[in-house]
Amino acid sequence: MKKELIVVGFCSLVIFITGCSRLEKIFYPTKRSYEFRKVVSTLVKDMDERDNKDLVSYFAVDVRKKYRASEIEKELGKAEKGLGKIRGYKEVDHGYSGHRGGVGETVTTWELTVDTDQGTYLVYINWSNGDDRKGTNNSLYRDTQGIEDFTIYSKEFKSYENLEQLYKVDFPVLYPGIQR
């Protein structure tokens, strides 16, 4: 009887400990996973369905607070205007920002080549893994995880002069013709 009680107690403890990490993610203010590869298909689906409310939920909390989620949502709608129906996409890691000492925020730039019925579009997403200078159980870490910048334009738009003008705008959503 004591052996069974110990086994049940041990199993309960293991379930509780592994369950806590899942509960912690539920209470995080940014959605689901903090690994871009796990959410990229959902991001593309949200773009295709124009579900910008869900797409905004993947932006880092500090970005949503600074620029207001409703403003980001509006600009995403404008950016997706000529996108059309998405047929397929390919994601490529374009490198990341580093930091010294092994702590801080690492931002990875992802390029999505999105094929639509209106042509080919390039989507650049700067994805932050979170600022871990104060530890991974800190709000700074959780608040800085997610999308930092979202840029979308047609493949024909890509030229140095055009991109230079585009990146002069201080906003987390960038697209040709943005006026802010």
request  = Only residues in the stretch 132-147 that are at positive phi count as the first member; pair them with residues that are buried (at least 19 other Cβ atoms within 10 Å of the Cβ) and polar (S, T, N, Q), Cβ under 6 angstrom, at least 6 apart or cross-chain, and list the lot.
outcome  = Gly146/Thr30
ask   = Within the set of pairs 6 or more residues apart or between chains, which connect a residue that is under 14 Å from Glu91 (Cα atoms) inside the stretch 42-57 to a residue that is at pLDDT 95 or above and hydroxyl-bearing (Ser, Thr, Tyr) with Cβ atoms less than 6 Å apart?
value = Val44/Tyr89
query = How about the stretch 101-160: which of its residues are in contact with a Pro (Cβ under 9 Å, 6 or more places away or on another chain) and among the aromatic types (Phe, Trp, Tyr)?
reply = Phe150, Tyr153, Phe157
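The values are calculated or read from the model by the stated rules, or taken from the named source; none is laboratory data. This structure is a prediction, so every number in the text was calculated from the model and none was measured. All Cβ positions, even for glycine, are placed from backbone atoms using ideal geometry, and neighbour counts span all protein chains on display.
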